[in-house]
Structure formats: C-alpha cells, structure tokens
Amino acid sequence: MFRSRATKDEKAAVADKAPVTVSKQPRDPQAPKGRPTPKRSEAQSQRRSVANTQMTRKEAAKRQREERRAALERQRQALAGGDERYLPARDKGPVRRFARDFVDSRFNIAEFFLPMAVVILVLSMVRVPALQNVALLLWLVVIVLIVLDSFVTGFRLKKRLAERFPDENKRGAVAYALMRSLQMRRLRLPKPQVKRGERP
C-alpha cells in the first residue's frame with residue numbers, strides 16, 4: 001500500500017517539473033501541417049492554375065497561332081499530295097478516296113460548265129437576236145447534259161462502292177463525288193492522284 005502511494009507521488013512530481021508546451025503564438029499559414037489535406041479536385045485545380053500562370057496570355061495566344069499555322073500548312077501539303085493523315089475530315093477514308101479517283105479518272109461534262117458559261121454569257125450580251133437565241137438554247141443543252149451525266153456518274157459510283165466497300169459507311173460519298181465533278185480538274189483539292197482513263 002505504502003509503495004503504490006509513493007510511486008504516485010513521484011509521478012506527480014515529475015509531471016509538475018515537465019515544461020509546458022502550449023504556445024500562444026499564431027500558426028504560420030504556410031506551414032504544411034496543422035491543416036486538413038485538400039481534396040483531389042482542389043489539388044488538381046491548383047496544379048492547373050500554377051501550370052497556366054507560368055505562361056502569359058500573350059505567349060499562349062502566340063503559341064496557339066503558331067500551332068494553327070502549322071496545322072494549316074500540314075493540311076495544305078496533304079491536299080496537294082494526298083497524305084491521308086492530315087486531310088480534312090470530309091476527305092478522309094478509303095470510300096472518299098475511291099470516290100475522288102472515280103471522278104478524276106473520267107471526263108465529266110460538269111467540269112466544263114464554267115468555260116461554257118462564260119461563252120454563253122458573252123453570246124447573250126451580243127446585240128444580235130440570233131446569237132441570243134443560240135445562247136439560250138446552249139444554256140438548256142448544257143444544263144440537260146450536266147444533269148444526265150451526273151445521274152449516270154452517281155449511279156455507276158454507287159454500284160462500284162457497293163461492290164468495293166460492302167461493309168463501309170458510304171453515306172454522302174456520291175454527293176461528295178458529284179460536287180467534285182463540278183470543279184475543273186486542275187482546281188480540285190485534294191489533287192487528282194489518277195490519270196484520265198485509269199481505272200481506280
């Protein structure tokens with residue numbers, strides 16, 4: 001009994017001699033401890049803000065302009081050379097490539113529409129009734145021929161696409177080819193990759 005009481009008294013004396021660690025100084029706000037761990041979303045947003053503030057607005061705009069210029073240059077070279085990797089989305093894919101080659105490999109009446117339109121316009125401006133009647137008749141003939149040629153081209157292309165690409169998505173390929181047939185061969189983009197008369 002006496003021994004346990006003595007032990008308690010010794011412990012109390014040691015506790016009284018121990019230094020008090022309670023500090024009344026305010027905690028440093030930059031201290032890593034003493035605050036709750038931030039959520040993952042907050043930490044990610046802080047990292048993004050730090051990464052974004054490393055570059056000024058002017059530098060970011062300059063970099064975007066350079067990237068856009070480089071992308072346009074790659075696209076221009078692809079349109080001239082036929083590189084599938086950098087072509088616009090409307091020109092990509094084997095179906096669109098076949099449609100282009102199909103149109104480029106044959107003569108289309110529609111591609112001569114602009115030169116014929118200029119000739120007809122000149123004839124219609126001449127103050128001779130006979131030439132004006134001829135110009136009107138040529139307009140009708142050209143339009144009928146273009147419609148017939150486009151119908152035949154679309155029918156044949158649709159058949160060939162069904163044979164060549166039975167499982168591919170062919171939506172819009174015929175209209176794409178017909179729009180290409182309206183352009184003069186040297187002005188077409190992407191540039192023709194086949195010669196006239198060459199079977200695609």
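The values are calculated or read from the model by the stated rules, or taken from the named source; none is laboratory data. Small disclaimer: the values here were computed from a predicted structure and weren't measured. Neighbour counts run over all protein chains shown; Cβ positions are idealised from the backbone, glycine included. Only protein heavy atoms, including side chains, enter the accessible area calculation; ligands, DNA and RNA are left aside. Shrake-Rupley method; radii C 1.70, N 1.55, O 1.52, S 1.80 Å.
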At most 15 other Cβ within 10 Å, DSSP loop - trypsin sites (Lys or Arg not before Pro), segment 54-101:
K92
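Rounded to the nearest 0.05, what FRET efficiency is calculated for A89 and M116 with R0 set to 30 Å and r the Cβ-Cβ distance?
Numbers: r = 33 Å, r/R0 = 1.09.
After rounding, the FRET efficiency stands at 0.35.
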Rounded accessible area per residue of segment 47-200, 1.4 Å, Å²:
72
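Please compute, over every Cα-Cα pair in segment 127-200, the percentage with a separation greater than 20 angstrom. Intermediate results must be reported in sequence, preceding the final value.
Values: 1320 of 2701 pairs.
Cα-Cα pairs of segment 127-200 separated by over 20 Å account for 49 percent.
What Kirkwood radius, in Å to one decimal, follows from the Cα pairs of segment 66-195? Write out the running numbers ahead of the final one.
Numbers: mean 1/r = 0.0600 Å⁻¹.
Answer for segment 66-195: a Kirkwood hydrodynamic radius of 16.7 Å.
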Give, in nm to one decimal, the length gained when the segment between R69 and I143 is fully stretched (0.36 nm per residue of separation minus the Cα-Cα distance).
22.6 nm
Taking a crude spin-label model, label points 7 Å out from Cα along the C-beta direction, the K195 to R76 distance in nm is 3.0
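For E163 and F151, calculate 0.36 nm times their separation in residues minus their Cα-Cα distance, and state this gained length in nm to one decimal. Before the final figure, lay out the partial values.
Details: separation 12, 0.36 × 12 = 4.32 nm, distance 1.87 nm.
So the chain would gain 2.5 nm between E163 and F151.
Ranked from highest to lowest mean number of other Cβ atoms within 10 Å per residue, what is the order of the peptides 110-120, 125-135? It would help to have the intermediate numbers written out before the result.
Working: 110-120: 15.0, 125-135: 11.6.
Going by the mean number of other Cβ atoms within 10 Å, highest first, we get 110-120, 125-135.
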